[in-house]
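Read the structure below first, then the notes.
The values are calculated or read from the model by the stated rules, or taken from the named source; none is laboratory data. All values derive from a computational prediction rather than experimental measurement. Methodologically, a virtual Cβ is constructed for each residue, glycine included, from the backbone with ideal geometry; neighbour enumeration extends over all protein chains shown.
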Amino acid sequence: MEAFRIVGGARLSGDVRVTGAKNSVLKLMAAALLAEGTTTLYEVPTILDVEYMAELLRRLGCEVVHDAEARSVAITVPAVPSHKADYDLVRKLRASINVLGPLLARCGEADVALPGGDNIGSRGLDMHVAGLERLGATVRSEHGYLIATRDDQLHGASVWLDFPSVGATENLLMAAVLAKGTTVIDNAAREPEICDICHMLVAMGAQIDGIGTSTLTIEGVDSLSPVEHTTVPDRLVAGTWAVAAVMTRGDITIQRARADHLEIALDKLVSAGATVDEVADGVRVRCADRPRAIDVVTLPYPGFPTDLQPQFIALNSIARGAAMVTENLFEARFRFVNEMVRLGADVRTDGHHAFVRGKEKLSGAPVEAADIRAGAGLVLAGLVAEGTTTVYEPHHVDRGYEGFIDDLVRLGADVSRVQVNQLA
């Protein structure tokens, strides 16, 4: 078993490069199932979740070649893919549910094990199921699998989502592009990753209007063609580096970061005392003094992203003053708070609110990552804690951040990956 070992006190300074978004590339890989032939994706991060999705596609009959050096993945899809996504992979990767829509559209049937992924709260599939049924599918749950079938071609329909669910929007979108007629998805998710999928589908031959809005109109086509596509930069990785710069009173230029995808988060950092500048190919974030505490309320995009909430709790834990962090999306996100308290943070939770009173110093301690963003938040906290912090279960961080430890070292941190028996 491995762990991250962090010696606090470093000031981070330098350049770091952001690759393609995890929350986009996994769905783009699933979308490749919609067209026979070879689809090639660029700016693909070398992370565990990409390997999980690649293996899932291989089991569905695809040939997948991941070139880490070129940051590319080539997916060759057969004329008739398999339609069963097994539990042993699906339990590791919630994004695997996104093969449901493409397989149903292409094969007429999809058997997908109920997904796992991060332990951050309930994320039901009711909207996926209801939407696919509106398109003419029959969906049932049996022996731990979600089984979707269609008697004939899917047909267009009007679908209203009770909540702008990213996963449901993606699955319905990928099913609708090959349906007969017009589909309208109202209250659709608007994340940049949704737009990225839409742009790739349009390049494949799909007809989609309303990209970037809460209403997507899809005119079904008979078939799609494979394409080459460059993945949108990862705004959540960029946001993590921005918070790291502020917490360590550092100066980091984040190459390929899109400021327009991080408007609220960057504005919050400015309110905390940071200086944020757009540069030729990214964003520069620097902070000379101890940051000020800032209130945060998570909401669907374009609101403040839930996936940056742990990092901002870490920031508030060493800031001047006190702040309230409100989590509106995932009820279990605050499990991370217990680990922050082990580091000496003054955080108290009440329902979906966390009250954080900043302290001048945190204290290094052994802690455990429960999900991708919690792990990143704990690493950031360790950077500003006195002494040594050990973050166990680092594979969670590896699922979402390419070369995280290497980048931290290049920026000046005293961080390493160690075997647990080295810590005895």
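Report, by residue number, each residue of the stretch 75-130 that is acidic (Asp, Glu) and at pLDDT below 85. Passing the criteria: Asp86, Asp88, Asp118. When Thr390 is tested against (1) β-branched (Val, Ile, Thr); (2) buried (at least 23 other Cβ atoms within 10 Å of the Cβ); (3) touching a Leu at 6+ places or on another chain (Cβ under 7 Å), just one condition goes unmet, and that condition is (2).
Quick check on Gly167: is it at positive phi, modelled with pLDDT under 95 and assigned by TED's automatic domain parsing to the domain that holds Val99? No; evaluated as a whole, the condition is false for this residue.
Looking across the stretch 81-96, the residues that are over 23 Å from Met200 (Cα atoms) and part of a helix (DSSP H, G or I) come down to Tyr87, Asp88, Leu89, Val90. Could you run through the stretch 207-254 and say how many residues are basic (Lys, Arg), under 20 Å from the mean Cα position of the chain (by Cα) and surrounded by fewer than 19 Cβ atoms within 10 Å (Cβ to Cβ)? Selection size over the stretch 207-254: 0.
In the stretch 205-286, counting only strands (runs of 3 or more DSSP E) that sit wholly within it, the ones holding 3 or more residues that are closer than 30 Å to Val80 by Cα span 207-209, 215-219, 228-230.
Between Val44, Val99, the distinction of being within 25 Å of Asp307 (Cα to Cα), in a loop (DSSP other than H, G, I, E, B) and β-branched (Val, Ile, Thr) belongs to Val44 only.
Of the candidates Phe312, Phe304, Phe330, Phe334, the single residue that is farther than 22 Å from Ala21 by Cα, among the aromatic types (Phe, Trp, Tyr) and in contact (Cβ under 8 Å) with a residue 12 or more places away in the chain is Phe334.
Go through the stretch 1-39 and give me each residue that's of a type outside the set (Gly, Ala, Ser) and assigned to a helix (DSSP H, G or I). Once the filter is applied, which keeps residues that are of a type outside the set (Gly, Ala, Ser) and assigned to a helix (DSSP H, G or I), the stretch 1-39 yields Lys22, Asn23, Val25, Leu26, Lys27, Leu28, Met29, Leu33, Leu34. Take the conditions (1) surrounded by fewer than 18 Cβ atoms within 10 Å (Cβ to Cβ); (2) at pLDDT 95 or above; Met204 misses just one of them, which is (1).
Can you find even one residue in the stretch 353-368 that is within 26 Å of His395 (Cα to Cα), in a strand (DSSP E or B) and within 22 Å of the chain's Cα centre (by Cα)? Scanning the stretch 353-368 turns up at least one residue that is within 26 Å of His395 (Cα to Cα), in a strand (DSSP E or B) and within 22 Å of the chain's Cα centre (by Cα). The set of residues in the stretch 369-387 that are in a strand (DSSP E or B) and either surrounded by 23 or more Cβ atoms within 10 Å (Cβ to Cβ) or in contact with a helix residue (DSSP H, G or I) (Cβ under 7 Å, 6 or more places away or on another chain) (or both) contains only Ala385. Considering the stretch 246-295, and only residues there that are in contact (Cβ under 8 Å) with a residue 60 or more places away in the chain and among the polar types (S, T, N, Q), the residue that is farthest from Ser317 (Cα to Cα) turns out to be Gln255. For the stretch 399-412, the criterion of being under 21 Å from Asp289 (Cα atoms), of a type outside the set (Val, Ile, Thr) and surrounded by fewer than 24 Cβ atoms within 10 Å (Cβ to Cβ) is satisfied by at least one residue. None of Phe304, Phe334 is modelled with pLDDT of 95 or more and either aromatic (Phe, Trp, Tyr) or more than 21 Å from Ile47 (Cβ to Cβ) (or both) except Phe304. Of the residues making up the stretch 338-352, those that are among the hydrophobic types (A, V, I, L, M, F, W, C) and either surrounded by fewer than 20 Cβ atoms within 10 Å (Cβ to Cβ) or assigned to a strand (DSSP E or B) (or both) are Val341, Val347.
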